[in-house]
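Trainee: Mind having a look at this structure? Questions to follow.
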There are 2 protein chains.
Amino acid sequence: MVQAFDDLMRFQRDTEALAQVAGRLGWDQETMMPRGAADQRSDESAAMESTLHQRRTDPRIAEWLSALDMGALDEVSQAQVGLIRRDFDRAAKIPADLATAIARTVSRGHVIWAEARADDDFASFAPILREILDLRQQEAAALAAGGDPYDALLDKYEPGAKAARLDEMFGALRPRLVALREAVLGQPELPGLTQSFDEQGQMKLARLLAKTFGYDFKRGRVDKAVHPFSSGSGDDVRITTRTVPLDPFNCLYSTVHEVGHATYEQNVDPVYRLTPIGQGASMGVHESQSRIYENQLGRSRAFTGWLYGQMRDTFGDFGIADEDTFYGAVNRVKNGYIRTEADELQYNLHVLLRFDLERALVSGDLPVADLESAWNDRFEADFGFGVDKASNGVLQDVHWSAGLFGYFPTYSLGNVYAGCLYKALRSAVPQLDDQLAKGDATQAVGWLRDSLQQHGSLRAPRELITQAAGEAPTEEPLLAYLEEKFSALYSL
Amino acid sequence: MVQAFDDLMRFQRDTEALAQVAGRLGWDQETMMPRGAADQRSDESAAMESTLHQRRTDPRIAEWLSALDMGALDEVSQAQVGLIRRDFDRAAKIPADLATAIARTVSRGHVIWAEARADDDFASFAPILREILDLRQQEAAALAAGGDPYDALLDKYEPGAKAARLDEMFGALRPRLVALREAVLGQPELPGLTQSFDEQGQMKLARLLAKTFGYDFKRGRVDKAVHPFSSGSGDDVRITTRTVPLDPFNCLYSTVHEVGHATYEQNVDPVYRLTPIGQGASMGVHESQSRIYENQLGRSRAFTGWLYGQMRDTFGDFGIADEDTFYGAVNRVKNGYIRTEADELQYNLHVLLRFDLERALVSGDLPVADLESAWNDRFEADFGFGVDKASNGVLQDVHWSAGLFGYFPTYSLGNVYAGCLYKALRSAVPQLDDQLAKGDATQAVGWLRDSLQQHGSLRAPRELITQAAGEAPTEEPLLAYLEEKFSALYSL
């Protein structure tokens with residue numbers, strides 16, 4: 001029994017280590033890889049994935065699992081075994097042929113999607129999307145065993161989450177966000193930045209922000225890449241950012257966002273390193289960390305007051321007269337088509353749209369042929385203006401071409417979680433604004449580390465948030481926070 | 001039969017791809033890895049090595065090999081199978097316990113060696129060296145099956161090489177190198193550099209040199225590291241270099257040396273990518289490429305004339321009056337203890353010393369306890385002055401602490417091969433000096449690519465050199481080249 005547990009954990013440790021290597025290969029591809037190496041890299045990545053897949057479906061895992069007496073294990077060991085069992089059972093339920101077909105189809109899908117987006121031509125993407133959806137529906141049916149197929153897909157990214165509960169949350173979010181958005185956009189525009197900001201200064205400030213939010217540079221590094229991301233767990237967690245001359249907030253807040261993801265990984269208890277619980281609990285919990293760092297803390301009136309001084313020190317007079325105007329520039333609300341460029345107020349409306357559409361796709365209620373018009377109708381209903389082209393609409397995100405149905409809602413769930421955590425943080429740290437106004441985020445990130453991050457995946461996501469926030473998560477704290485913030489900013 | 005070959009090659013392809021990933025992990029460790037990630041990285045590397053070891057000893061390989069009809073395969077396929085069989089047979093002859101013991105002991109050995117070197121204390125290194133040697137002797141006995149145990153070790157780095165043949169070559173090299181060295185050092189010193197050279201200029205020239213010698217930046221990249229090295233095969237071959245303010249030649253010629261290794265890998269026929277023959281044929285052949293680029297081409301009177309102009313353009317007047325003086329500064333001969341800092345004339349004397357000593361260690365004729373005094377005696381005999389401390393003598397190289405017995409002679413064998421290839425190249429490209437004097441190495445590296453590099457490991461090293469050089473390799477061309485070059489430089 002003890003032997004089976006030890007053997008299982010030793011085997012799993014090597015799997016986790018190989019997964020870190022595969023992740024680092026992905027980082028390399030986006031940051032360092034010579035561009036002529038793409039074909040060879042695709043063979044190398046495939047060999048790593050194949051090795052990992054073999055290990056994750058190794059029949060010895062079933063033997064070890066069945067030889068275990070769960071009752072004799074302590075809480076941490078039970079959690080470890082629980083996660084291993086969960087992944088193994090999921091993998092075992094998916095026929096090998098189906099897994100291969102999915103891998104092959106999404107690989108083609110990505111190429112076709114990129115071309116279709118460049119051509120603004122949804123019709124040329126629709127056939128492969130239908131194939132991908134069909135395969136994922138088969139997978140969902142195999143996993144759901146009679147339950148809600150969408151839940152089976154969602155569970156991969158957010159263990160234990162249920163679409164019905166998200167429906168409730170998101171159903172309450174949507175009308176109040178639409179109303180708040182309309183009210184805000186009825187007011188005069190807030191001034192924004194108009195100058196150009198040099199790359200060196202942006203990167204200097206990005207590093208300062210990373211340090212301010214607790215990113216450990218001894219166990220990480222910051223590089224430039226086309227898309228900002230965080231990669232790795234434990235002692236090697238790397239982030240990327242980018243610079244846009246006219247929009248330094250892109251660089252700065254992307255960095256803070258990725259630092260939220262990265263410090264979460266860095267702050268997991270080191271005894272869990274290279275084990276199943278040695279990483280973030282779910283996509284939603286991960287997003288709660290990146291968003292609370294970025295928005296509730298990073299875009300707060302208190303913190304932007306300090307950041308204004310730093311920007312003046314770095315760039316001189318950049319045409320913004322005072323802290324209040326700067327706070328407005330950081331948080332101003334503008335019409336836009338693109339989710340990843342959306343402000344804090346409108347972001348979740350973009351996500352909710354995708355959630356409703358992909359549920360209808362997976363259930364079969366919405367045929368792929370009708371997806372573009374369904375997108376455009378919904379967009380106009382929520383945002384009050386029409387989509388001008390497919391690359392600004394249904395083709396803008398990579399997710400569906402990669403078969404990632406069930407992933408989108410974790411973004412908004414993360415924002416809901418961030419709202420709950422922020423409410424609890426404000427109670428726990430009453431002097432929070434005074435500290436942030438001095439550029440001191442130590443207590444804020446310390447509270448997040450102690451209340452949540454250190455536990456890694458020891459607890460299920462919802463339970464983890466409930467314990468950290470002191471109450472079961474609802475959308476109310478997020479809504480109250482957004483309504484208060486934007487009512488004040490726009491004098492509603 | 002055909003099925004067995006296809007299955008074998010498909011399996012091998014993934015192994016080669018994973019080996020590339022493991023190599024890139026090593027590159028990352030020396031260039032990009034955050035320093036706090038060292039412990040975790042060691043787990044990650046071990047997991048990769050363990051995966052590779054399992055694949056290389058997978059019992060299915062034996063089944064596929066025995067199902068093959070070699071006679072029905074074409075030349076290339078026979079070579080592929082030959083290399084797979086060779087590696088599999090070697091691995092199969094080494095008991096698993098012994099392989100594990102070696103891995104564990106050399107890992108400890110490295111740490112103890114580094115401390116002993118810092119303390120200049122050979123006695124504290126001797127016990128672990130005895131353990132490592134003992135394990136390698138066991139390995140050699142298992143592999144040799146009655147033959148020369150040293151040959152069995154050598155064969156790993158230089159397939160088909162025999163110590164007896166090296167003895168002949170090196171026996172002829174040594175007295176003439178000792179005599180040439182004494183004659184040169186009896187002459188007045190040539191002037192060297194005395195200024196400081198900024199890092200930016202050194203790196204700019206290093207990149208220019210890499211380009212000049214045909215390095216394909218689209219399939220590689222240059223970074224800084226503590227030790228220069230080349231890493232990877234095929235379409236992702238990366239090199240590192242370093243800068244020393246007072247010694248720009250260190251940066252420039254390290255770069256040309258690594259470019260020799262790297263272009264060899266880049267120039268292998270792309271149809272061999274991720275197969276056993278899709279990489280350099282041996283350590284000795286590899287070194288022949290790095291050395292001919294670095295020395296016969298890069299340190300030639302013709303090429304240094306062009307380089308002098310580039311250095312003037314980059315650094316202005318740096319205290320060297322003309323091309324001839326610059327040629328002397330690049331090639332000047334000075335006393336020194338350290339192999340890796342040795343000039344072209346003395347380098348092989350350092351290697352021959354190690355070859356003779358490690359043969360005596362492996363045969364048992366030289367006890368580890370007597371190694372330091374044997375080293376010091378031999379050094380004084382060849383170099384005419386005594387070793388002052390162990391870090392300048394027996395503890396200077398990492399190789400023995402890593403158990404790499406049989407590796408050293410490939411350095412000098414590579415120089416011998418370079419001498420043969422250079423002789424043939426001069427016949428094939430009569431205008432070589434005119435081209436090099438204009439900074440044009442296109443024909444020279446083109447000849448090396450066509451005659452040798454493109455074939456990868458298709459042929460055995462000695463056969464490959466014989467075909468490219470047009471005659472069986474001997475030490476004579478290298479000696480004639482060195483005697484001519486340094487007699488002229490020092491007016492002997």
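Any read-out appearing in this document is the output of simple, stated calculations on the displayed coordinates, not a laboratory observation. Treat the numbers as computed from the prediction; the structure is a model and nothing was measured. Every residue, glycine as well, gets a Cβ built from its backbone with ideal geometry; the counts of neighbours run over all protein chains shown.
Trainee: Return the loop-located trypsin sites (Lys or Arg not before Pro) in segment A:259-363 (DSSP other than H, G, I, E, B) with at most 14 other Cβ atoms within 10 Å of their own Cβ; answer none if there are none.
Mentor: Counting only loop positions with at most 14 other Cβ atoms within 10 Å, the trypsin sites (Lys or Arg not before Pro) in segment A:259-363 are A:Lys334.
Trainee: Let me ask you something else. From largest to smallest, what semi-axes in whole angstrom does segment B:230-389 give when each is the square root of 5 times an eigenvalue of its alpha carbon gyration tensor?
Mentor: After scaling each eigenvalue by five and taking roots: 31, 27, 12 Å.
Trainee: Show me the three semi-axes of the equivalent ellipsoid for segment B:2-148, from the C-alpha gyration tensor (sqrt of 5 times each eigenvalue), largest first, rounded to whole Å.
Mentor: 35, 22, 12
Trainee: Also, I was wondering about something else. May I ask you to derive the FRET efficiency for A:Val2 and A:Ser66 from their Cβ-Cβ distance with R0 = 22 Å, giving the value to the nearest 0.05?
Mentor: Details: r = 15 Å, r/R0 = 0.68.
After rounding to 0.05, the efficiency reads 0.90.
Trainee: Using 7 Å Cα-to-Cβ label points, what is the A:Asp119/A:Phe385 separation (nm, one decimal)?
Mentor: 2.9 nm
Trainee: Once the label point is placed 7 Å from Cα along Cβ, list for B:Met203 the distances to the corresponding points in the other copies, in nm, shortest first.
Mentor: 1.0
Trainee: Which distance in Å, rounded to a whole number, links the C-alpha centroids of segment B:203-220 and segment A:272-332?
Mentor: Spelled out, the Cα-based centre of one part sits 41 Å from the other.
Trainee: What's the average, rounded to a whole number, of partner chain beta-carbon atoms within 10 Å of each residue's beta-carbon in A:10-22? Spell out each step's value before the answer.
Mentor: Values: counts 0, 0, 0, 3, 7, 1, 3, 11, 7, 2, 7, 12, 1.
Other-chain Cβ atoms within 10 Å of each residue's Cβ, averaged: 4.
Trainee: Still on this structure: Gap in Å between the Cα centre of segment B:415-446 and the Cα centre of segment A:1-30?
Mentor: 49 Å
Trainee: Looking only at Cα atoms, what is the convex hull volume of segment A:243-328 per residue, in Å³?
Mentor: Values: hull volume 9.9 nm³, N = 86.
Each residue corresponds to 115 Å³ of Cα convex hull volume.
Trainee: Then there's this: Starting from one equal scatterer on each C-alpha and no solvent at all, send me the Debye-based log10 I(q)/I(0) for the protein assembly as shown at q = 0.06, 0.08, 0.10 Å⁻¹, two decimals.
Mentor: With no solvent term, the Cα-only Debye profile gives -0.55, -0.92, -1.26.
Trainee: Scaled to the compact-protein estimate 2.2 N^0.38 Å, what is the alpha-carbon radius of gyration of chain B, rounded to two decimal places?
Mentor: 0.98
Trainee: Other chains near A:25-38: what is the mean number of their Cβ atoms within 10 Å of each residue's Cβ?
Mentor: Whole-number average of other-chain Cβ neighbours for A:25-38 is 5.
Trainee: Another question about this same structure. Given label points at 7 Å from Cα along Cα→Cβ, what nm distances, shortest first, separate B:Ser124 from the same residue in every other copy?
Mentor: 6.8
Trainee: Further question on the same structure: Find how much the distance from A:Asp134 to A:Ala92 grows on full extension, using 0.36 nm per residue of separation minus their present alpha carbon separation; answer in nm with one decimal.
Mentor: 13.2 nm
Trainee: Now, a different point. For an R0 of 22 angstrom, estimate the FRET efficiency from the Cβ-Cβ distance between A:Asp216 and A:Ala428 and round to the nearest 0.05. It would help to have the intermediate numbers written out before the result.
Mentor: Numbers: r = 23 Å, r/R0 = 1.04.
Between A:Asp216 and A:Ala428 the formula returns 0.45.
Trainee: What GluC sites (Glu not before Pro) in segment A:159-255 are in a loop by DSSP, with at most 13 other Cβ atoms within 10 Å of the Cβ?
Mentor: On the way: sites: A:Glu168, A:Glu182, A:Glu189, A:Glu199; in loops: A:Glu189.
Listed in order of number, the matching sites are A:Glu189.
Trainee: To one decimal in nm, how far is A:Pro188 from the same spot in the other copies, if labels go 7 Å from Cα toward Cβ? Please give the shortest first.
Mentor: Those label-point separations list as 8.5 nm.
Trainee: What are the principal axis extents of the Cα atoms in segment B:82-171, in Å, biggest first?
Mentor: 45, 38, 21
Trainee: How big is segment B:127-247 on each of its three principal axes, counting only the C-alpha atoms and giving the largest first in Å?
Mentor: That works out to 56, 47, 34 Å along the principal axes.
Trainee: So what does the Cα-only Debye profile of segment B:329-446 read at q = 0.12, 0.18 Å⁻¹, as log10 I(q)/I(0), no solvent term?
Mentor: Cα-only, vacuum Debye calculation for segment B:329-446: -0.57, -0.96.
Trainee: Continuing with the same structure: What is the Cα radius of gyration of segment A:408-492 over 2.2 N^0.38 Å, N being its residue count? Write down the numbers at each step before the final one.
Mentor: Details: Rg = 13.8 Å, N = 85, 2.2 N^0.38 = 11.9 Å.
Cα Rg divided by the expected 2.2 N^0.38 Å: 1.16.
Trainee: Given a cut-off of under 8 Å on Cα pairs at least six residues apart, what relative contact order in percent is computed for segment A:280-426?
Mentor: The normalised contact order for segment A:280-426 reaches 36 percent.
Trainee: How large is Rg over Rh for segment A:172-321, taking Rg from the Cα atoms and Rh as the Kirkwood inverse mean of 1/r across Cα pairs?
Mentor: Working: Rg = 17.3 Å, Rh = 16.9 Å.
Taking Rg over the Kirkwood Rh, I get 1.02.
Trainee: When only alpha-carbon atoms count, how far does segment A:387-458 stretch along each of its three principal axes, as whole angstroms with the largest first?
Mentor: 47, 34, 17
Trainee: Please work out the Cα center distance from segment A:354-390 to segment A:46-70, rounded to the nearest Å.
Mentor: Comparing the Cα centres of segment A:354-390 and segment A:46-70, I get a distance of 40 Å.
Trainee: Anything over 31 Å Cα to Cα? Flag those among B:Lys162/B:Lys438; A:Lys334/A:Lys438; A:Lys93/A:Lys389; A:Lys211/A:Lys485, in the order listed.
Mentor: B:Lys162/B:Lys438; A:Lys93/A:Lys389
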